[in-house]
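Every read-out reported here was derived from the displayed coordinates using simple, explicitly stated rules and does not represent laboratory data. Quick caveat: nothing in here was measured; it's all calculated off a predicted structure. Don't worry about glycine lacking a Cβ; one is built from the backbone with ideal geometry, like all the others, and counts go over all protein chains shown.
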Amino acid sequence: MNTTILRKSMLGIAGLAFAGGVFAGPVTEAHANPTMDAKPVAVVQADKPGVDKSKLIPHGVQGKQSHITLDSEQTANVKAIIAATKKSDMDERAAVVAIATALQESKLENLGHLGDRNDHDSQGLFQQRPSSGWGTVEQITDPEYSTMAFLKGLKQVDGWKDMPLTKAAQTVQVSAYPNHYAQWEKQAADLVAKHWNS
């Protein structure tokens, strides 16, 4: 009789284990492997709004274009020019003119006084002169101030948006080399396209 009870108990335990496997198995399986009908969720990243490139070079470039590789300091100066342009409530084209001007004047380096190599008392990104009323040395070597001073001059140029870049820049800068700004228009536009919305 003990053997019969033991056998029934063993069969009962085996039956429970089987039944538990049937019921628990599919639930566990469903969690481990999703069904084939499930569709993967696509991760969509919102792109930054683009810059209207037709605004950057509306008249086309003039002459052969130059290009330099920028280091982190020069890139920071590009971003400072763009920020000051936005603060001045001016558009992407103004930023292109400002960056092209700074590329020509200083290669986007915030230059102090260069001694004998200096052009008079010109300093900063735009090589502005304290003796010409651009501001103090401290002011014109501040990227935001010097950019806003340049842009203030640009705003006063009647029809600057309809001029070739080099003429607009020259009207503000009064350089001895008025046509040299043109060579930086493409790189300046590329930099504005890259950093305007960053």
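Remark: the range 70-198 is approximated by an ellipsoid whose semi-axes, taken from the C-alpha gyration tensor as √(5λ), come to 20, 17, 14 Å, largest first. Judged by the mean number of other Cβ atoms found within 10 Å, the most tightly packed of the peptides 85-91, 102-108 leads the ranking 102-108, 85-91.
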